[in-house]
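All of the numbers you see were taken from the coordinates with simple rules; none came from a lab. Every value quoted in this text rests on a predicted model; they were computed, and no experiment measured them. Every residue, glycine as well, gets a Cβ built from its backbone with ideal geometry; the counts of neighbours run over all protein chains shown.
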Amino acid sequence: MSYESEFKDDTGWSAVDTNAKLSGERGRKFLEFLKQENVSTIIRYYASSRRAKTLALSEAKLISSAGFGIIPVYQDRNRKPEDFGVEKGKECAANAADFVDYIGQPEGSTIFFAVDADFSQAEIDKYIVPYFEEVASRLGGAFRIGAYGSGLVLSALLDHELIEIPWISMSRAFRGTRDFFNGEKWALRQVPPAHKHGTGSSQVSYDRNVLNWSAEELGAFRIDEAGSGIVAGEHVEDAVLGGGFVSSAPAPKFVVANAYVSTEGLNLRTEPGGSVIRDLTIGEPVRDLGAAADANWRRVEVDGHEGVVFAKYLRKPSVPEVEALISSTIEQWVRFDKGRGNEASSPYYKYVGEMWKAIGESYDGRDRGVPWSAAFISFVVRNAGPAYAAFKFAPSHSAFSHDAIQGRILKHTDRPFWGFRPREQRPEIGDIIHRNRGKGKYSIDYAENHSSFTSHSDIVVEVTPQVVRVIGGNVGDTVSMRDNIQEYDLDADGLLKEGQRVIALLKNRASEVALTA
């Protein structure tokens, strides 16, 4: 693939920058579009004064409540040498500080400063470096400083240790950009061309960006309804982008990932169709290094091994709280040897015992007459972090489904799941599918008014255009992801088909809960 083609490749884009104020109906429509595209991060403007292009506090709250991270970029003109230098650095740093106070941006998060022109090395040394020296001296102690610009600008600022986070502009012909792009030093890159969403007064112009670092590494933040700022990953212990772990179960390792394996059975290969380096597990984080020679494949790095995988089976990161639940769920599946470990044998019966203990019961896997599937759900949800603290941890699926359905009706905003009719919304990873068991014929209307009846539920870990795949406990006496009973068909609109005995779809809203915690 040529440099131009690779530079324009926006596969896996998961961030946008825009000068449009995302408020009202236009903002809501655009944010919904970004959700559908699995975007995690929105970059908006700071400037010398509050005006049409700059981020507003109400807008920051709206963006945050929708589950996105925010990173500001400071720019007035910043395109001529006289827009930089020592005095301009002092002025722009002070202006950015005013916006920090207005928005409530938390310390430890990032502010980008734009260098939107193709400056020479001499101009960089004379104007750009002194400008960033002033910015760094005034803001660098409290905030992480990033720069948007050419490869030559970014290289110089990194060499002078004036920035942490380099953002490549979409102008691929700028000095030094080709080498910087190929060197993989960049944290994110803006991908040409510019895009538009919507029509008329609802139209939003935006640029797509591919992330090379996680949102936590980038220093994104959110603003809650009270106006308090939260840095991405602030409440985490080890999960990528978010989550936390409150039990003694092993926590997933932190991995700087910009993509995840979306299905089980994928192989890391030396080249397209080449020999297998290693098997990959569904939900495993990988670092996407760009397109391979064959456009159907992607170059990736996994645990220090570089190779290629079939592009179709990678997915973009979801919000931190969802990734924490997926990681927690798959961890237990792997712990049960991917469905091969029997509940009554060692050490698996002890793992079942841990699940029961977490909800105050003393059973283990040797108590064959006591179903532990709801204990499994409660366990993995609890391990996914504080955003799930208000979940109805219980030994019965009907108890937490009833609570989620009532939570939606009564607008209990602390609930990490709200219950919907099976075909009311599209299932997504991190959701819970509650279904009938045995000869049960219960409906969501019954579950709304009853909290004790026989049923089963699983956590969605994979969504394709045709099917949803789930993981659950006490299925075949193990933690399982079996095709015959843990796969749900979707229609052309991405909704669960009828006739699959589903009682309710519990939609994951933990990212919204995290903002008000």
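Simple point charges give the picture: +1 on the Cβ of Lys and Arg, -1 on the Cβ of Asp and Glu, and for the chain a dipole about the Cα centre of about 1360 debye. Remark: segment 320-516 carries a charge dipole of roughly 380 debye about the Cα centre, counting +1 on each Lys and Arg Cβ and -1 on each Asp and Glu Cβ.
Selection among Ala291, Gly273, Gly307 by position relative to the dipole of segment 259-315 gives Ala291 as farthest towards the positive end (Cβ unit charges, Cα centre).
In terms of surrounding Cβ atoms within a 10 Å radius of their Cβ, Ser373, Ser201 rank from fewest to most as Ser201, Ser373. Judged by the ratio a/c of the largest to the smallest principal axis of the C-alpha gyration tensor, segment 259-315 counts as rounded, that ratio being less than 1.5. For segment 404-421, the Karplus equation 6.51 cos²θ - 1.76 cosθ + 1.60, evaluated at θ = phi - 60°, returns couplings of 5, 5, 5, x, 5, 4, 8, 6, 6, 6, 7, 6, x, 10, 10, x, 10, 4 Hz by residue, with Gly and Pro reported as x. Think of the chain as having a plus end and a minus end, set by charges on the Cβ of Lys, Arg, Asp and Glu; of Ala389, Ser373, Asn209, Ser373 sits farthest toward the positive end of this dipole. Structural descriptor for segment 16-145: relative contact order 25 percent, calculated from alpha carbon pairs under 8 angstrom and at least 6 residues apart. Say the dipole of the chain comes from +1 at the beta carbon of Lys and Arg and -1 at that of Asp and Glu; which of Gly24, Ile444, Ser362 then lies farthest toward its positive end? The one lying farthest along the dipole's positive direction is Ile444.
3J(HN,Hα) along segment 310-319: 5, 4, 4, 9, 10, 10, 6, x, 8, 5 Hz, from the Karplus curve 6.51 cos²θ - 1.76 cosθ + 1.60 with θ = phi - 60°, whole Hz, x for Gly and Pro.
When Rg and the Kirkwood Rh are both derived from Cα coordinates, the Rg/Rh ratio for the chain amounts to 1.00.
Hey, which of these cross-link pairs are over 26 Å Cα-Cα: Lys35/Lys196; Lys312/Lys497; Lys185/Lys507? From Lys35/Lys196; Lys312/Lys497; Lys185/Lys507, over 26 Å: Lys185/Lys507. Cβ-to-Cβ counts within 10 Å put Met1, Met481 in ascending order as Met1, Met481, the fewest first. Helix 373-382 and the longest principal axis of the C-alpha atoms of the chain enclose an angle of approximately 20°. As a proxy for reagent exposure, ranking Tyr363, Tyr74, Tyr3 by other Cβ atoms within 10 Å from fewest up yields Tyr3, Tyr363, Tyr74.
Could you tell me how far the Cα centroid of segment 119-176 sits from the Cα centroid of segment 355-371, in Å? If you average the Cα positions of each part, the centres end up 57 Å apart.
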